[in-house]
Amino acid sequence: MTTDAADARFAYPRSFAALREIARSLSSALDLDTTLDLIARKTTEVMGVDSCTIYLLDADNATLRLRASTGLAPEALGRATLQVGEGMTGHAVVENRPVYAANAQHDPHFKWLDGTEERRFRSLLAVPLVLNNRPIGALNVQTAAPRDYAAEEIDLLALLGDLAAGALDKARLIDRQRRQLDELRALAQVSEAITSPQYLDQM
């Protein structure tokens with residue numbers, strides 16, 4: 001691909017305007033599922049790709065679970081998994097750096113995920129999601145046609161990954177606080193029922 005073609009495909013002013021839009025959107029996203037969907041959709045638009053996929057680490061810190069995607073089969077969400085180090089995406093987490101290939105199926109680290117309808121894609125660029133020097137998942141983009149990723153595109157996805165990691169951590173915290181609040185409300189309702197005059201009379 002010529003430099004002119006790469007420049008036409010990847011325009012800095014448009015990309016940074018989109019980054020500002022993503023940052024504003026992420027600041028208002030309050031739950032994990034909404035944040036995941038927003039990151040996947042906006043990254044697809046900014047990068048000009050056919051699919052963006054997000055994997056998050058399970059509690060075992062060894063399993064990457066598919067949580068959001070704009071190109072893979074919806075029924076695979078929450079089910080498809082990679083082990084850390086497995087596939088190009090898992091390899092990006094182990095190496096803590098971007099991993100990419102114009103024809104991903106020729107890469108020695110590539111792995112097909114059954115049930116994801118991934119076979120229609122060719123190129124793949126994956127970056128780790130890292131928070132406080134700790135991996136929390138991975139973000140990748142794919143295209144149906146072979147694609148050589150320019151250094152600027154790799155840097156952009158890495159920056160998006162940094163934004164995503166912070167937003168996802170915030171969303172997880174909010175979800176946890178909501179669950180704790182729901183539990184406290186349930187306990188309060190039980191306590192109120194137990195101490196009510198009607199309940200005491202029945203006792």
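The values are calculated or read from the model by the stated rules, or taken from the named source; none is laboratory data. Computed from a predicted structure; not experimentally measured. Cβ placement follows ideal geometry from the backbone for every residue including glycine, while neighbour counts extend to all protein chains displayed. Surface areas here come from the heavy atoms of the whole protein model, side chains and all, with no ligands, DNA or RNA. Shrake-Rupley method; radii C 1.70, N 1.55, O 1.52, S 1.80 Å.
Geometric descriptor of region 69-179, per residue, is 111 Å³ (volume of the convex hull of the Cα atoms).
Its relative contact order, with pairs defined as Cα atoms under 8 Å and 6+ residues apart, puts region 95-139 at 40 percent.
In this structure, the amide hydrogen of Gly71, modeled 1.01 Å from its nitrogen in the peptide plane, lies closer than 5 angstrom to those of Cys52, counting only residues at least 5 positions away or on a different chain. Using a cut-off of under 17 Å, list every residue of region 88-123 whose amide N is near the label point 7 Å from the Cα of Glu75 along the Cα-to-beta-carbon line. Only 113-120 fall inside the zone, counting backbone N under 17 Å. Distances between placed amide hydrogens fall under 5 Å for Arg122 paired with Thr143, Ala144, Ala145, all partners being 5 or more residues away or on another chain.
Packing here is the average count of other Cβ atoms within 10 Å per residue, and on that basis the peptides 86-99, 149-162, 108-121, highest first, run 86-99, 149-162, 108-121.
Full extension of the chain segment joining Ala150 with Gln105 gains 14.3 nm, where the gain is 0.36 nm per residue of separation less the Cα-Cα distance. Here the 3J(HN,Hα) profile of region 139-152, calculated from phi with Karplus coefficients 6.51, -1.76 and 1.60 at θ = phi - 60°, is 10, 9, 10, 9, 10, 6, 9, x, 8, 8, 8, 6, 4, 5 Hz, Gly and Pro shown as x. Lys42 sits with roughly 30 Å² accessible to a 1.4 Å probe, with DNA, RNA and ligands left out of the calculation.
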